[in-house]
Amino acid sequence: MALINWENSYSVKVKNVDTQHQKLFTLINDLYDAMNQGKGRDVTGKILDELVTYTKTHFAYEEQLLKSNGYPAFAAHKGEHDLFTGKVVDFQKQYQEGKASLALPLMTFLKDWLTNHIRGTDQKYSSFLNGKGVS
Ligand code: FEO
């Protein structure tokens, strides 16, 4: 069973970004499934790496979109991205070194962070970007 399901209320009204957010949902669900199925560290580690890499790719894309359009709250938005990236990269490192394991609190953290960020921070740029012709 999926940990998070995409629904229209998550839309930021920018097609490429919605697609990227959906991919992040898929990767979090894949990680959750692998954890529940008791997959080995080689499998879970690869999914975790993919999630971290794709998160960085998405943040870079979104930041470029916001910056190039002169989004006023760019710095605060990037600050949230940087804080989250720091946390997941730190976890990834501990996981690679065998000092951490995948467990429900991590999955809950990932899910809550992503859904709260999309609904609380990303959606604030929807009307701004749509007003610039980005959709
Ligand atoms: Fe879609 Fe600000 O992350």
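Numbers below:
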| quantity | calculated |
| --- | --- |
| Members of the stretch 7-50 that are free of Cβ contacts under 8 Å to residues at least 40 places away in the same chain and within 13 Å of the chain's Cα centre (by Cα) | Asp18, Thr19, Gln22, Lys23, Thr26, Leu27, Asn29, Glu50 |
| Output for the stretch 49-90, where each listed residue is in contact with a helix residue (DSSP H, G or I) (Cβ under 6 Å, 6 or more places away or on another chain) and of a type in the set (Lys, Arg) | Lys67, Lys78 |
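Just so you know, all these numbers are worked out from the coordinates, no wet-lab data involved. Computed from a prediction, not measured in an experiment: that's the story for all the values here. Ideal geometry is used to build each Cβ from the backbone, glycine not excepted, and the neighbour counts take in all protein chains shown.
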